[in-house]
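The values are calculated or read from the model by the stated rules, or taken from the named source; none is laboratory data. Keep in mind the model is a prediction, meaning the values are calculated, not measured. Because the Cβ atoms are built from the backbone with ideal geometry, glycine has one as well, and the counts that use them run over all protein chains shown. Accessible surface is based on the protein model in full, side chains and every heavy atom, while ligands, DNA and RNA are left aside. Shrake-Rupley method; radii C 1.70, N 1.55, O 1.52, S 1.80 Å.
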Amino acid sequence: MALGLEDKKSIVADVNEAARNALSAVIADYRGLTVEQMTTLRREARSGGVYLKVVRNTLARRAVEGTEYACLKESFSGPTVLAFSQEDPGSAARVMKAFAEENEALEIIALSIGGQLLDGGQIDVLANMPNLDQARAMLMSVMMAPVTKLARTLNEFPARVTRVMSAVADEKKKTS
């Protein structure tokens, strides 16, 4: 079914809005996936906070113009699916990587973060980024380390004094 001009403008505006609010983007070739597999991918993307859209390449090129994902324009070829991370930078990469491991037909073509174009083979760089909760936990553990060490050091002094006093008392009992 052919798309009318207004439909095309609506699609471009929708994808452009998603791109402007996105933290990272992943492009994959979905050739060979069944409808059921695509439905599963869409469900996983929705639950992972990822905007997923199958768009004609010409419309996708127009949609990313003026965004930090303009570097992806040359990567649109063949049947492609766009995934934009909406909540944390690594969410789209994690969803697409996990799905690609289960379904060999999905081939990751390219990804982008911060206006930098990365090859699809570098998906691990983005997929292994911690999410917000993990990053906060890492930060808190780094902040807590000096305080914990100080508490252990301060606690060690009375414990040493107690051990020395106990050793002196044992020595006096032996000599008496």
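Brief remarks on what is shown
- Yes/no for LEU139 being open to solvent by 20 Å² or more (accessible area, probe 1.4 Å), part of a strand (DSSP E or B) and free of Cβ contacts under 8 Å to residues at least 24 places away in the same chain: no
- Checking GLY114 against (1) open to solvent by 50 Å² or more (accessible area, probe 1.4 Å); (2) in contact with a Lys or Arg (Cβ under 9 Å, 6 or more places away or on another chain); (3) touching a residue at least 40 places away in the same chain (Cβ under 8 Å), the condition it does not meet: (2)
- Of all residues making up the stretch 1-43, the number that are acidic (Asp, Glu), surrounded by fewer than 17 Cβ atoms within 10 Å (Cβ to Cβ) and either at pLDDT below 90 or within 24 Å of SER112 (Cα to Cα) (or both): 4
- Taken together, the criteria exclude GLU68 from residues that are without any contact (Cβ under 8 Å) to a residue 24 or more places away in the chain and more than 17 Å from ILE109 (Cβ to Cβ).
- Listed conditions (1) closer than 10 Å to ALA63 by Cα; (2) of a type in the set (A, V, I, L, M); (3) in contact with a Pro (Cβ under 8 Å, 6 or more places away or on another chain) are all met by LEU23, apart from (1).
- Unmet requirement for VAL125, which otherwise passes all of (1) open to solvent by less than 20 Å² (accessible area, probe 1.4 Å); (2) at negative phi: (1)
- Elements of type strands (runs of 3 or more DSSP E) contained in the stretch 50-115, each with 2 or more residues being of a type in the set (Ser, Thr, Tyr) and touching a Leu at 6+ places or on another chain (Cβ under 7 Å): none
- Enumeration of residues in the stretch 31-72 that are over 24 Å from MET129 (Cα atoms) and in contact with a strand residue (DSSP E or B) (Cβ under 7 Å, 6 or more places away or on another chain): VAL54, VAL55, ASN57, ALA60
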